[in-house]
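Peer 1: Below you'll find the structure I mean.
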Amino acid sequence: MDTIVGDEISLPRPEHVTAPGIQHHWCEHPGYGKDAGWGFAKPKQAPHWFCFEHRGDGETYL
């Protein structure tokens, strides 16, 4: 049985790489995992993120 060992580094394909400075946030609605674009937070507190459909849930964090 031969084992192939290489020293080549495998990088992700360009279409799977997020551009520098871009952050992904996921909707915090229970049982939901869609990409979230709306963040809600009071000053000096961690933000909570929601998608367009559940952005109304974020009002409780303001």
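Peer 1: Being surrounded by 14 or more Cβ atoms within 10 Å (Cβ to Cβ), at pLDDT below 90 and aromatic (Phe, Trp, Tyr), is that true of even one residue in the stretch 39-58?
Peer 2: no
Peer 1: Additional query: Would it be correct to say that residue 33 is at pLDDT 75 or above, in a helix (DSSP H, G or I) and surrounded by 10 or more Cβ atoms within 10 Å (Cβ to Cβ)? Give the derivation first.
Peer 2: Details: at pLDDT 75 or above: yes; in a helix (DSSP H, G or I): no; surrounded by 10 or more Cβ atoms within 10 Å (Cβ to Cβ): yes.
Answer is no for this residue.
Peer 1: Next question. Among all residue pairs at least 6 apart or on different chains, which show Cβ distances below 6 Å where the first residue, located in the stretch 30-41, is within 19 Å of residue 62 (Cα to Cα) and the second is modelled with pLDDT under 90?
Peer 2: 36/25
Peer 1: Let me ask something additional. In the stretch 37-62, how many are outside any loop (DSSP other than H, G, I, E, B) and on the phi > 0 side of the Ramachandran plot?
Peer 2: So the answer is 0.
The values are calculated or read from the model by the stated rules, or taken from the named source; none is laboratory data. Everything quoted here is computed from the prediction, not taken from an experiment. Neighbour counts are summed over all protein chains in view; Cβ atoms, including those assigned to glycine, are modelled from backbone coordinates with ideal geometry.
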